[in-house]
Amino acid sequence: LQKDLKLKLFHSLSEYKAAKKSIVTIGTFDGVHIGHKLILEKLIQNAKERDCESVVLTFFPHPRMVLQESSDVKLINTIEEKSELIGNIGIKNLIIHPFDQKFSRLTAEEFVKTILVDLLNIKKIIIGYDHRFGRNRTANIDDLIVYGKQYDFEVEQISAQEINDNAVSSTKIRNAILEGNISLANKYLGYNYTFSGEVVKGKQLGRTIGFPTANIQIKESYKLIPKNGVYIVKSNYDGNTIFGMMNIGNRPTVNGEHQTIEVNFFDFDADIYNKIISIEILDFIREEQKFDSLDSLKSQLNKDQQTSLSYISKI
């Protein structure tokens, strides 16, 4: 059964060789949220019924990173996270094509003929109602249906109704994360918002007041960081689930200069320096604030810990 879940990952369209016909969907799929899951499960179902390959075509960098010069796009998933989520749903082939200016200039017909028909050997495409493609994104679903008749493939549109019944979008999720509304983001995602990073040495001030923290450094600059504040988190270490609280912010009480991400794990004392650790965010506790002394910070941290433990006890 495990073998069945194996995702084949291709880092460009030219790496993919079509052994048989494919059922395809295209999109950025940022978040791989419950709305995306609908499309991907429909794709898998279709591929099984028709003995075709299930193929997801996505792009990296995100097209907006390339086409909008001033764009500082932050994404819900790193490319590794996205691949893992798509693989876990059961998709067989994921093509992450490098998006660049040259690719963006393909006309709609060139895209259909050279990529969908010649490279992917397409039998059917399943696509969202608002999907646009081709140079300057001028072609829409109606054009795709015309090309489908011309080149002999089916087009299935996911209706606005189906998507709206979910009332979910990557933009809504990004906004929820930026506002610290983690419980809403997690509901839309269908899993807990997560990031991974290396544990690096910090100022080690936490341990002087009884709250040693792991300083997390995220290497992907495009990964979306929730707003500054204190959060309840969990992680997995050596096969065990550990809980804790996390502070994202500039540490105003000790005149911090730049944003840090610090996690205080409860009942945990393993040495995790230089390890890569994944943090799942469960809920927001409070805004970051400046305290007039380390003592008042410590007493607030004790309260935060109680809040966290009481939340965790109800999970």
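Name the single residue, out of those in segment 126-140 being aliphatic (A, V, I, L, M) and either farther than 16 Å from K113 by Cα or surrounded by fewer than 19 Cβ atoms within 10 Å (Cβ to Cβ) (or both), that is modelled with the highest pLDDT. Talk me through it step by step, then tell me what you get.
Step one: filter segment 126-140 for residues aliphatic (A, V, I, L, M), giving 126-127, 139.
Keeping just the survivors that are either farther than 16 Å from K113 by Cα or surrounded by fewer than 19 Cβ atoms within 10 Å (Cβ to Cβ) (or both) gives 126-127.
Working: I126: 95, I127: 89.
Going through the qualifying residues, I end up with I126.
In segment 198-244, the residue that is surrounded by the most Cβ atoms within 10 Å (Cβ to Cβ) out of those that are assigned to a loop (DSSP other than H, G, I, E, B) and aromatic (F, W, Y) is F211. Screening segment 40-84 for residues that are under 21 Å from the mean Cα position of the chain (by Cα) and acidic (D, E) and picking the one that is surrounded by the most Cβ atoms within 10 Å (Cβ to Cβ) gives E81. Residues in segment 11-36 that are of a type in the set (S, T, N, Q) and surrounded by fewer than 16 Cβ atoms within 10 Å (Cβ to Cβ): S12, S14. If you go through segment 83-99 one residue at a time, do you hit one that is of a type in the set (D, E) and under 15 Å from D30 (Cα atoms)? Yes, that holds for at least one residue. Looking across segment 270-287, the residues that are surrounded by fewer than 17 Cβ atoms within 10 Å (Cβ to Cβ) and part of a loop (DSSP other than H, G, I, E, B) come down to A270, D271, Y273, N274, K275, E287.
Counting the residues of segment 291-315 that are surrounded by 12 or more Cβ atoms within 10 Å (Cβ to Cβ) and not in a helix (DSSP H, G or I) gives 1. Of L106, L94, all but one fail to be more than 27 Å from Y193 (Cα to Cα), among the aliphatic types (A, V, I, L, M) and in contact with a Lys or Arg (Cβ under 9 Å, 6 or more places away or on another chain); the exception is L106.
Within segment 88-141, the residues that satisfy the criterion of being closer than 24 Å to I34 by Cβ and assigned to a helix (DSSP H, G or I) are N88, I89, I141. Just one of (1) closer than 20 Å to I34 by Cα; (2) modelled with pLDDT of 90 or more; (3) under 18 Å from the mean Cα position of the chain (by Cα) fails for V168. It is (2). The number of residues in segment 56-75 that are touching a helix residue (DSSP H, G or I) at 6+ places or on another chain (Cβ under 6 Å) and either in a loop (DSSP other than H, G, I, E, B) or small (G, A, S) (or both) comes to 2.
Does segment 213-220 contain at least one residue that is farther than 26 Å from V73 by Cα and modelled with pLDDT under 95?
Taking segment 213-220 as the starting set, the residues that turn out to be farther than 26 Å from V73 by Cα are 213-214.
The next check asks that each one be modelled with pLDDT under 95; those that pass are 213-214.
Yes, segment 213-220 has at least one match.
The values are calculated or read from the model by the stated rules, or taken from the named source; none is laboratory data. This is a predicted model, so every value here is computed, not measured. We place every Cβ from the backbone using ideal geometry, glycine too, and count neighbours over all the protein chains shown.
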